[in-house]
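A.B. asks: What follows is a single structure, and I will ask about it in a moment.
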């Protein structure tokens, strides 16, 4: 199981569109879950971080294999993935992978208890 956390600056004039983007992912949950399953993603979380007058998207992902997850996403023909890619291009500036200091999960121990 691998984890990645990404920080990207948001174009602040589009903050309401960013909120709508993620609301759309929630509303289209069946498609979103299909995409995550295809990618081998177990957890995907997004947060808005405000630092001074700047806004950032903090994106947390836990997957069986991060490289494979990106590969599948990039080749995906699912409509929800195309929508996601369009939104990322419109509203995000750059991408920085944050340094991981610790990543502890109980997924395996919880699974084995069932």
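A.B. asks: So, in region 57-114, how many residues would count as being surrounded by 10 or more Cβ atoms within 10 Å (Cβ to Cβ), modelled with pLDDT under 95 and in a helix (DSSP H, G or I)?
C.D. replies: So the count comes out to 1.
A.B. asks: Filtering region 1-55 down to residues that are in a strand (DSSP E or B) and over 16 Å from the mean Cα position of the chain (by Cα), which residue is surrounded by the most Cβ atoms within 10 Å (Cβ to Cβ)?
C.D. replies: 55
A.B. asks: What residue, of 83, 91, is more than 30 Å from residue 106 (Cα to Cα) and in contact with a strand residue (DSSP E or B) (Cβ under 9 Å, 6 or more places away or on another chain)?
C.D. replies: Values: 83 fails: in contact with a strand residue (DSSP E or B) (Cβ under 9 Å, 6 or more places away or on another chain).
Just a single option satisfies the conditions, and that option is 91.
A.B. asks: So which of 29, 1 ends up being in contact (Cβ under 8 Å) with a residue 40 or more places away in the chain and closer than 24 Å to residue 107 by Cβ?
C.D. replies: 1
The values are calculated or read from the model by the stated rules, or taken from the named source; none is laboratory data. What you see is a predicted model; the values in this text were computed from it and never measured. Backbone-built Cβ (ideal geometry, glycine too); neighbour counts: all protein chains shown.
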